[in-house]
Structure formats: C-alpha cells, structure tokens
Amino acid sequence: MTRIGIVGAGAAAAAAAYALEQRDDESASDGISVTVLEKSGGLCGRAATRRRADVTYDYGANYVKSNDERVVDLLTEALETDGLVDVTDPVWTFDSGGEIAEGRDADDHKWTYETGLTQIAKRLFDRTDATIHRNTRVQTIHRGSSAGTWRLEDDAGDRWGPFDALLLNPPAPQTADLLRSAEWDGDVRERLADAVEAVPYRTIWTGVFHYPFELDLPYYALVNTDKAHEIGWIGREECKPGHVPDGESLLVVQANHEWSVDRYDDDPDATLEALAELAADLLGDGRLLEPDWTDHHGWRYALPEDGIALEPVRAAEDAGLYCLGDWVAGEGRLHAALRNGLETGERLAENVSN
Ligand SMILES: Cc1cc2nc3c(=O)[nH]c(=O)nc-3n(C[C@H](O)[C@H](O)[C@H](O)COP(=O)(O)OP(=O)(O)OC[C@H]3O[C@@H](n4cnc5c(N)ncnc54)[C@H](O)[C@@H]3O)c2cc1C
C-alpha cells in the first residue's frame, strides 16, 4: 500500500486524488491510500461558494472555462452533470474612465453549478476513497532520514503520516513557508523553496452586495481591460441559474490589486462602502449604494501572475514531494489547476507503479 499525503483540498488536489484513484483501479499493485489535510472548513479553495438564505454565490473564482479539452471531458462526461450550469450572458468591458463597451466574450462556456463551484472538488473527492480532514492547518513538514517517508504536523500539534509521497497544493507563498520551515535537509529543498517564493501574486479584495430588486442590464459581468480602474471585475450572480431568486440581485465586486493591498487590513465596513460607491458610479445606479446585506473576503494570494520554474519542481518529485496548483500550471485559472492536478496525480501513479 502506497500512502499519499495531500496538503490542501483545492481543485488541483481534488483532481490529483481523482487521477490517482482512476489509475489505482486500473493497476494490479497493492493500492494507495490518500489522506488530505485542509486548513479551512470547506473544499475547493479559491473556487469558493457561500450560501445565505436562498442565495448561492461564488465569491472566489467566478466560473470555469471550457477551453481545456481534458477538463471539458472531466466536467461533462466523467463527473455527474446534474446542476452544471452555463452562464450565457456576455462579459462586457470597461476602462479606467468607466466607459462600458460590448466586449469580446472569449469563453465558449462559463460553467458553475447551481449549488456553486465548490461542487467540482466535492464531486472529484466523492469518486475517491480519500480521507479528508478539514480545519487542519499543516504547520511543519518532516522528512524521515532513512526510509525517505514524510510526516506532517498541524497547528494543534497533531502528527500525520508517514507518507510515501507528499503533495503540496497551497498557493506558492504558503507552500514556500512550509518548505522553508521543513525538517528536510538537502539542496533540493533550498532550490525548490527559492523557486516557489519567486512566484508573484495579485491580491483581490472582494465585496458581495445583495439587493431586493432586479437589475436590468445586458451583461453578466464587466471586466476592466486597462487595469487602471479601482474595480477589476463586477459579476452578477443572478445570471447563474439557481443562484439568486427572481426579483433579487447579487453583485460580486473585485477590487484591483493596488486598491486591495492598500485597504487589506482596514475596517471592512468602510471598504465595502467605498466599493459600493465605485460600483454605483460605474453602473450609473444610485440604488447600489444601499444593499440590504453584504459579505466580503480578502484574497491575499488571489492569482499567480507567473508560473514556477519547473526544474526544481521535478527534482523534488524524485524525493516524493509534488507541488501542484494553478501556480505550477503557470496560469491563475481553475481549468489550469484542474489539468495540473490530473497530470500530477497521473505522474505520481506512474512513479508509484515503477
Ligand atoms: C477572486 C478570485 C477570482 C477568480 N476568478 C476566476 C475565474 O473567474 N475563472 C477561473 O478559472 N479562475 C479564477 N480564479 C482562480 C482560481 O480560483 C484558481 O486558479 C484555482 O481555484 C486554484 O486552485 P488550486 O487547487 O491551485 O489552489 P487553491 O484553490 O488555492 O487550493 C489550495 C488549498 O490549500 C489550502 N491550504 C493552504 N495552506 C494550507 C495549510 N498550511 N494546510 C492545509 N491546507 C492549506 C487552502 O485552504 C486551499 O483550500 C479566481 C481566483 C480568485 C481568488
């Protein structure tokens, strides 16, 4: 039995666990066991969904694109498709002066689920025998000297393992912290930690605004194309089937990097007020200043702006340590994270069987 430990339960980790399970079913080996440790109470990481009363909203990733064939097959054939919905209204653009224009909607499909994007990780993990421990933040990685196995310690002091292989799914800065503090001697660790730490990130502060009335607009979302407006993106969750009851609206407003960093630690109520003003101004609708409820989330490590150098990542795999996620794929997108997870799981399964 090969014991595999996974830190983080994001989309990439779920896809890797799924790929491992598929290969395990096909192989004649002794099998694998997968243990996942996730710091939060939910699955799917930055593809995050919340519910309030009858309203469902994706407050991290907005949707998954259909431009990767393997991911399309995964979502439309391998996994159950009940509740998989397409956002058919277009994405329009705006510039730093607030000029709105009919944009090019480059995405064939913009998929989510009636019950939100977190379904992706839930459905993938449901296809596995992985044991998932939520609310378990990994603090330290230990590398056993003789047997070459891995152990983990969480922030409550509990120990996990031994594992024959270890998968690290947290965003690069959090993975870098784990590698820096790891009890693992060797040049490979240093080179990997340096490469992981070098991945640059964008921060996004997200405000969520609910209104007890409908908005009559011809688009699902607006994206700022010159990246010089305080708002980077406004999405309308009511355009996602099943998310918002008729007669209501819910805006997900993502501030740009500089604005988000400047206000990251400010009083959230003041930040929400400022963001509502910007949104009302952009959409030219004073009613948007008065939502009947709000929510917010600061994504410190929202989007990797570049990928990692792959040589140290592959070198670490020889020692049984695998990094995976959008930052390894080199694109801060859900489909890229899923694809990277599938490929990482398959590579590990291949290495295990050799
Ligand atoms: C605001 C926002 C908007 C976005 N919009 C889109 C979009 O519209 N379309 C799109 O395709 N993509 C979008 N993205 C990007 C998309 O969400 C990511 O590319 C994708 O979700 C990354 O998945 P992942 O598995 O690589 O990592 P993550 O989702 O970050 O998963 C990593 C997991 O590791 C856990 N973790 C971290 N540290 C520890 C620890 N020490 N111990 C245990 N667990 C730990 C985290 O809690 C998390 O669950 C957006 C992201 C954000 C933040």
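The values are calculated or read from the model by the stated rules, or taken from the named source; none is laboratory data. Please read all numbers here as calculations on a predicted model, not as lab measurements. Because the Cβ atoms are built from the backbone with ideal geometry, glycine has one as well, and the counts that use them run over all protein chains shown.
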**Complete:** Filtering the range 119-140 for residues that are touching a helix residue (DSSP H, G or I) at 6+ places or on another chain (Cβ under 9 Å), more than 13 Å from G8 (Cβ to Cβ) and assigned to a strand (DSSP E or B) leaves a count of 2
**Request:** Could you list, in sequence order, all residues of the range 147-185 that are within 23 Å of the chain's Cα centre (by Cα), surrounded by 21 or more Cβ atoms within 10 Å (Cβ to Cβ) and part of a strand (DSSP E or B)?
**Result:** L152, A165, L166, L167, L168
**Message:** Take W184 and tell me if it is closer than 16 Å to Y322 by Cα and in contact with a strand residue (DSSP E or B) (Cβ under 8 Å, 6 or more places away or on another chain).
**Reply:** yes
**Message:** Yes or no: the range 208-224 includes at least one residue that is under 21 Å from A12 (Cβ atoms) and not acidic (D, E).
**Reply:** no
**Asked** Across the range 307-354, what is the total count of residues that are crowded, with 17+ Cβ neighbours inside 10 Å, at positive phi and more than 10 Å from the ligand (Cβ to nearest atom)?
**Response** 1
**Fill in**
With the first residue restricted to the range 69-86 and required to be at pLDDT 95 or above, and the second required to be among the acidic types (D, E), Cβ contacts under 7 Å at 6 or more apart or on different chains are G83/E114; V85/E114
**Message:** Restricting to the range 50-91, give me the number of residues that are near the ligand (Cβ under 7 Å from one of its atoms) and either out of contact with any strand residue (DSSP E or B) (no Cβ under 6 Å at 6 or more places or on another chain) or closer than 30 Å to W150 by Cα (or both).
**Reply:** 3
**Message:** I'd like to verify a number: residues in the range 1-49 that are of a type outside the set (A, V, I, L, M, F, W, C), within 30 Å of E248 (Cα to Cα) and either buried (at least 16 other Cβ atoms within 10 Å of the Cβ) or within 8 Å of the ligand (Cβ to nearest atom) (or both), how many?
**Reply:** 5
**Message:** Checking the conditions here, which among L222, L217 is part of a strand (DSSP E or B), on the phi < 0 side of the Ramachandran plot and not small (G, A, S)?
**Reply:** L222
**Message:** For the range 237-279, give me each residue that is in contact with a Gly (Cβ under 6 Å, 6 or more places away or on another chain) and surrounded by 17 or more Cβ atoms within 10 Å (Cβ to Cβ).
**Reply:** V252, V253, Q254, N256, L272, L275
**Prompt:** crowded, with 16+ Cβ neighbours inside 10 Å, within 12 Å of the ligand (Cβ to nearest atom) and at pLDDT 95 or above - does that describe any residue in the range 186-196?
**Reply:** no
